[in-house]
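These notes are about the structure you will find just below.
The values are calculated or read from the model by the stated rules, or taken from the named source; none is laboratory data. Fair warning: this is a prediction, and the values are worked out from it, not measured in the lab. Ideal geometry is used to build each Cβ from the backbone, glycine not excepted, and the neighbour counts take in all protein chains shown. SASA here: full protein model, heavy atoms, side chains in, ligands and nucleic acids out. Shrake-Rupley method; radii C 1.70, N 1.55, O 1.52, S 1.80 Å.
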Amino acid sequence: MHRCRTIAGEQFDGDLEVAVAEVSHPVFARVYERLSVAMDRAGTAAYRRDLVAGLSGRVVEVGAGNGRMFPHYPPSVTEVVAVEPERRLRAAAERAAPGAPVPVTVVDGLAERLPAGDDEFDAAVVALVLCTVRDQASALAEVGRVLRPGGQLRFFEHVAAEKPGGLHRAQRLVDATLWPKLFAGCHTNRDTVAAITTAGFVIEELNRFRFPATSNSPSSPCVHGRAIWPATADRR
């Protein structure tokens, strides 16, 4: 069992102020707390476990939600800094943190302005997060900034359909209408793989699949993989 400390508006790692995000989506947060449990039972728990397998050292989890990733971190991880801007979900993550098998620190902050210094982490984890951030390029640049050279990005995201067709058209339609409003800014039609490579990461493992496997939901196309922040990456 490990204690969780919440940092909001205080000094973090000695010299960096945490931006208090003040993000609140109370209706979505209540729904997501229940939905995430059901999704894990339906199979996402296995994807979460595979996502963090083999990680070690210090890890930043961007958009930790209600902490469903926490039980899956291997003992080789020395600390997880879990960043979550939504107040209700962050509170749920705080409650989940003491039961994690590794030390977890839950902090308030935005993906576009991570509460950490340069080169602090050995790995970064994003799970069903890059669909909701306001600016993917800025968020991924921040991940690169806080990773040490050679650090890993592990990602599990739903993305744009790979081929043109009815599903791709449906994604564009829902993104332009109610979907982002109902799901706290989520967009189904983002080419997240391209965004990761454009940010300077080198993708070393990539799996594409549908979840659920037989679904034609706009959010069903998914990717799961691993990328490296190269030692020669440009610090922008």
Exercise for review: Take the residues in region 137-149 that are open to solvent by 30 Å² or more (accessible area, probe 1.4 Å) and not hydrophobic (A, V, I, L, M, F, W, C), then tell me which one is nearest to Phe183 (Cα to Cα).
Suggested key: Ser138
Practice item. Select from region 67-101 the residues that are out of contact with any helix residue (DSSP H, G or I) (no Cβ under 8 Å at 6 or more places or on another chain) and free of Cβ contacts under 8 Å to residues at least 40 places away in the same chain and write down the one among them that is surrounded by the fewest Cβ atoms within 10 Å (Cβ to Cβ). Key: Pro75
Exercise for review: Answer yes or no as to whether Arg154 is of a type in the set (Lys, Arg) and either part of a loop (DSSP other than H, G, I, E, B) or surrounded by fewer than 20 Cβ atoms within 10 Å (Cβ to Cβ) (or both).
Suggested key: no
Exercise for review: Being open to solvent by less than 70 Å² (accessible area, probe 1.4 Å) and hydrophobic (A, V, I, L, M, F, W, C) is the filter; apply it to region 165-180 and report the residue that is nearest to the chain's Cα centre (by Cα).
Suggested key: Trp179
Practice item. Please determine, by comparing only the residues of region 181-209 that are small (Gly, Ala, Ser) and closer than 18 Å to Ala123 by Cβ, which one is surrounded by the fewest Cβ atoms within 10 Å (Cβ to Cβ). Key: Gly200
Practice item. Answer yes or no as to whether Val37 is part of a helix (DSSP H, G or I), of a type outside the set (Ser, Thr, Tyr), surrounded by fewer than 16 Cβ atoms within 10 Å (Cβ to Cβ) and at pLDDT below 80. Key: no
Review point. Taking region 210-227, which residues are closer than 30 Å to Val146 by Cβ, part of a strand (DSSP E or B) and open to solvent by 30 Å² or more (accessible area, probe 1.4 Å)?
Key: Arg226
Practice item. Kindly indicate whether any position in region 184-196 is within 30 Å of Arg87 (Cβ to Cβ), out of contact with any strand residue (DSSP E or B) (no Cβ under 7 Å at 6 or more places or on another chain), not acidic (Asp, Glu) and not in a loop (DSSP other than H, G, I, E, B). Key: yes
Review point. Only one of these conditions is not met by Glu94: (1) assigned to a loop (DSSP other than H, G, I, E, B); (2) of a type outside the set (S, T, N, Q); (3) more than 19 Å from Thr188 (Cα to Cα). Which number is it?
Key: (1)
Study note, to complete from the structure: The residue that is most open to solvent (accessible area, probe 1.4 Å), considering only those in region 44-66 that are in a loop (DSSP other than H, G, I, E, B) and aliphatic (A, V, I, L, M), is Ala53
